[in-house]
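These notes are about the structure you will find just below.
The values are calculated or read from the model by the stated rules, or taken from the named source; none is laboratory data. The shown structure was predicted, so the numbers you read here are calculated from the model rather than taken from an experiment. Counting neighbours? That spans all protein chains shown, and the Cβs are built from the backbone with ideal geometry, glycine included. Please note that ligands, DNA and RNA were not included when accessible areas were found on the heavy atoms of the full protein model with its side chains. Shrake-Rupley method; radii C 1.70, N 1.55, O 1.52, S 1.80 Å.
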Amino acid sequence: MNTIVLKFGGSSVADNIKLNIVADKIIELKKEAKNIVVVVSAQGKTTDTLIKEACELSAVPNEREMDVLLSTGEQISASKLSILLNRKGYPAISLTGWQAGIETNSIHQNSKILQINTERITKELKQGNIVIVTGFQGIDENSDITTFGRGGSDTTAVALQASLNADKCYIFSDVDGIYSADPKIIKKSKRLDEISFEEMQEIADSGAKVLHNRCIHIGNKFNCNIVAKSTFSNEGGTKICKEIENCEVKSIVKNDKMLTIFMQKNEPITNKEVFSIYSDLLSSNIILESFSRENSYLQFRIKKSEQNKVQEILEKRYPEFNIVQNNYIKLTIVGYGITQDNIILSKIIEFLKNKNIYIFDINLNQSKIEIILDELENSYLEELHKMLI
C-alpha cells in the first residue's frame, strides 16, 4: 500500500505507556505502507476536564473560546507522539488542523469541513516523515480555530483518507471493532465482522460512542475503506462497507442522554412565536431531535449536553412561557431491511408492553426502528438483545 491513515482515540494515547504502544503500532504498519498519516485525539479525559473547568467559569462558555481551549488537547497528543517516534528513529512531524490545511465553516463546536489543502501533508510525506495531525479541528475563513464536536477526530481521519486518496483508514480505540450493543452494558454483545455504511450511520446518529456520525457520511460518499480495530490487539476488527441486505438486527443502542422540552402558555401560540423560537434554536446551533406544536404548547427534543445553552436562550427571550424539562430514552434497533415486515417491530412492542414500559413515539426507516421511551433498565436491554440478536 502507498498511503494509510491511522486514527488513535483518547484511551489509546492516554499516557506515556500507551503512547509507546501506539508508536510501536505505527512502526509495525510502516512495513506495509510507504506513507503514514496519523490522527490523534486528546489524551484520556483531557477534553472532559477542560469542559468541566470552563463550565466552572461560565454556565454557557463562549463557543469560539471553547474551540481555542479544547483544541489544545489534541496538540499535546500530537507533539508527544512525534517526539516519541523521532526518538525511536522514525522521522515524524506534528501538524495542527490548520497547518494540515483543514478548512471549515464558522460554526464553532460543530463545524464542518469545506475542503482540505493537502499540500503541506504531501510535502512532509515526500520528505519521509510520518505526519501526525491533530484531530477534530480546523480553521475558518477568519483564521479562527473551529472544532467538529465530540468524537470529531474520526471525521478528520476519514476526510484525510478521501482527500489524500489513501488506501485505507484504520480507526483504533480500546475496543476491537463494532459491537451489537455496548459491551460495557451487554456482556454477551457480539463483534461484527462487517457492517454497512447505512447501518453504521444509524448507530452513530442514535448516540452510540463508536464512530463520529459525520465520518460515516464522508466515508460512504467517497467509498472509503474504513476498519475499526483495537490499539491493544491484532485480533478482531470490523470493516465498514457498502450495503449488506440480510434483514437481521445488527445492533441495539440505548441513549439516555436526551431531554424533552415543553413550552406552554395560557393562550394559543402564534405562528410568529413558533418561527422565532425555532429560528433562535437553529441559529444557536442547537441540534433538534424533533419539534412539534399544539395549540398552547411547543415540544422539542435535544441532547442533554445542550441543556444549559437552551435554558439560557428560553429564559432570556421567552419568559412568558412555562418551561418543563423531562428525561427520555431513545432506543434504536439497527439493521438494513428490518422494517420490510412487522415481525421484529411486533416482537419489540410486545416485549415493552409486557414490561409495562410506555412508548411515546416510534420512527421507522429501512435501516432502523427508533422508539422513544420514558425508561428502560439495562437488564431489560439485555433481554431484548438476547431475543433479537
Consider I313 carefully, then state whether it is of a type in the set (A, V, I, L, M, F, W, C) and either out of contact with any Lys or Arg (no Cβ under 7 Å at 6 or more places or on another chain) or open to solvent by 80 Å² or more (accessible area, probe 1.4 Å) (or both). yes
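Take the conditions within 30 Å of K316 (Cα to Cα), open to solvent by 40 Å² or more (accessible area, probe 1.4 Å), at pLDDT 95 or above and of a type in the set (S, T, Y) and apply them to S163. Does it pass?
Working: within 30 Å of K316 (Cα to Cα): no; open to solvent by 40 Å² or more (accessible area, probe 1.4 Å): yes; at pLDDT 95 or above: yes; of a type in the set (S, T, Y): yes.
Judged against the criteria, S163 is not a match.
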Matching residues in segment 258-296 (within 30 Å of S180 (Cβ to Cβ) and either modelled with pLDDT of 95 or more or surrounded by 13 or more Cβ atoms within 10 Å (Cβ to Cβ) (or both)) number 6
Kindly list the number of the only condition in (1) under 24 Å from S11 (Cβ atoms); (2) at pLDDT 95 or above; (3) touching a strand residue (DSSP E or B) at 6+ places or on another chain (Cβ under 7 Å) that fails for G207. (2)
Which one of these is within 19 Å of the chain's Cα centre (by Cα) and outside any strand (DSSP E or B): L84, L70? L70
Would you mind listing the strands (runs of 3 or more DSSP E) fully within segment 149-240 where at least 2 residues are β-branched (V, I, T)? 226-230
Name the residues in segment 1-46 that are in a loop (DSSP other than H, G, I, E, B) and aliphatic (A, V, I, L, M), would you? M1, V13, A14, A33, A42
Output the qualifying pairs, or none if there are none: Cβ atoms under 7 angstrom, residues six or more apart or on different chains, first residue in segment 266-285 and under 14 Å from Y318 (Cβ atoms) and in a helix (DSSP H, G or I), second residue of a type in the set (A, V, I, L, M) and open to solvent by 30 Å² or more (accessible area, probe 1.4 Å). L281/L288
Starting from residues that are touching a helix residue (DSSP H, G or I) at 6+ places or on another chain (Cβ under 7 Å) and open to solvent by 10 Å² or more (accessible area, probe 1.4 Å), keep the ones in segment 113-135 and report whichever is nearest to A33 (Cα to Cα). T118
Please work out which one of (1) out of contact with any His (no Cβ under 6 Å at 6 or more places or on another chain); (2) open to solvent by less than 10 Å² (accessible area, probe 1.4 Å) is the condition T155 fails and give its number. (1)
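Report yes if some residue within segment 372-381 is under 17 Å from S251 (Cβ atoms) and open to solvent by less than 50 Å² (accessible area, probe 1.4 Å); otherwise report no.
Our first condition is that a residue be under 17 Å from S251 (Cβ atoms); within segment 372-381, this holds for 376, 378, 380-381.
Next, only the ones that are open to solvent by less than 50 Å² (accessible area, probe 1.4 Å) stay: 376, 381.
Yes, some residue in segment 372-381 is under 17 Å from S251 (Cβ atoms) and open to solvent by less than 50 Å² (accessible area, probe 1.4 Å).
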Please specify each residue of segment 93-112 satisfying the condition of being surrounded by fewer than 23 Cβ atoms within 10 Å (Cβ to Cβ) and either on the phi < 0 side of the Ramachandran plot or in a helix (DSSP H, G or I) (or both). I93, L95, T96, W98, Q99, E103, N105, S106, I107, H108, N110, K112
